Structures are given as structure tokens and as C-alpha cells.
Amino acid sequence: MADSDGRADTDLRQQRLGRITFRAWRRGFREADLVLGPFMEREGATLSDAELDALETLLAEDNDHDLYAWIIETRPTPAEHDTPLMMKLRVFMRAHVAAAVADGAG
């Protein structure tokens, strides 16, 4: 029984990661998509359940321009989103953008 429970937990986590990744790539604001989508593809599997909760809360925000501004720190981040996950997003964004520029983007 334990093996099937473990597989079920793994399957549920994979489904959750898939849903979050889909939402991360389809924000409707391309700049946010280009940070959140690659972040989930590269880092999603390593995120804790608490970090995934924080990310789902962040993705539930309606204003993509605000969300992106919080990530790039051009607007103050509301306290409820000023989390360790936001720091991970910012670190990833800086590295991701630097890599894209090094590859000739921009």
C-alpha cells in the first residue's frame, strides 16, 4: 500500500507542477512569461510545497504588470509576496536575463 501511496503523491505533485508551469507561461504579459515560465521549467521540481503555495498565490494576482514590477523591483512588493520565493525569482531572473544577453538577446 505504501508504494501506491508514494506513486499517487508523486503523480499529484507532477500534476501540480504541470498546472503551475502552464500558468507561469501564460500570464498574458510576455515579460512575465519569460521569467516565470523558464523559472518553473528549471526550478519548479526543486521547490518545496510551501514555495509552490507562495507561487500559486503570486500567480493568482490579476495585474501582470505589477507582478513583473515586483520581480524586477521597480515597484514595492506587497508584504504577502515579499517571500523567499520572490527572492528566488529575482535571482533566477537576473541570471536568466544575463544568460540571454550573453547569447545575443537585446
| How many of the residues making up region 44-55 are of a type in the set (A, V, I, L, M) and either over 25 Å from R13 (Cα atoms) or open to solvent by 40 Å² or more (accessible area, probe 1.4 Å) (or both)? | 2
| Among the candidates A98, A79, A102, which residue alone is farther than 24 Å from R13 by Cα, modelled with pLDDT of 95 or more and exposed (fewer than 12 other Cβ atoms within 10 Å of the Cβ)? | A79
| request: For region 14-30, indicate whether the set of residues that are modelled with pLDDT under 90, open to solvent by 60 Å² or more (accessible area, probe 1.4 Å) and not hydrophobic (A, V, I, L, M, F, W, C) is non-empty. | output: yes
| message | Every residue in region 56-76 that is open to solvent by 90 Å² or more (accessible area, probe 1.4 Å) and out of contact with any Asp or Glu (no Cβ under 7 Å at 6 or more places or on another chain), please. | response | D62, H65, E73, T74, P76
| Which condition does E41 not pass, out of (1) touching a Phe, Trp or Tyr at 6+ places or on another chain (Cβ under 9 Å); (2) surrounded by 16 or more Cβ atoms within 10 Å (Cβ to Cβ); (3) free of Cβ contacts under 8 Å to residues at least 24 places away in the same chain, if it passes all the others? | (2)
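Suppose we keep only residues that are charged (D, E, K, R) and not in a helix (DSSP H, G or I) within region 16-46. Which one would you say is farthest from L58 (Cα to Cα)? So that I can check it myself, show each step before the final result.
The initial filter retains those residues of region 16-46 that are charged (D, E, K, R), namely 16, 19, 23, 26-27, 30-31, 33, 41-43.
Those left that are additionally not in a helix (DSSP H, G or I): 26-27.
Numbers: R26: 14, R27: 11 Å.
My answer is R26.
The values are calculated or read from the model by the stated rules, or taken from the named source; none is laboratory data. Model, not experiment: these values are computed from the prediction. Because the Cβ atoms are built from the backbone with ideal geometry, glycine has one as well, and the counts that use them run over all protein chains shown. Only protein heavy atoms, including side chains, enter the accessible area calculation; ligands, DNA and RNA are left aside. Shrake-Rupley method; radii C 1.70, N 1.55, O 1.52, S 1.80 Å.
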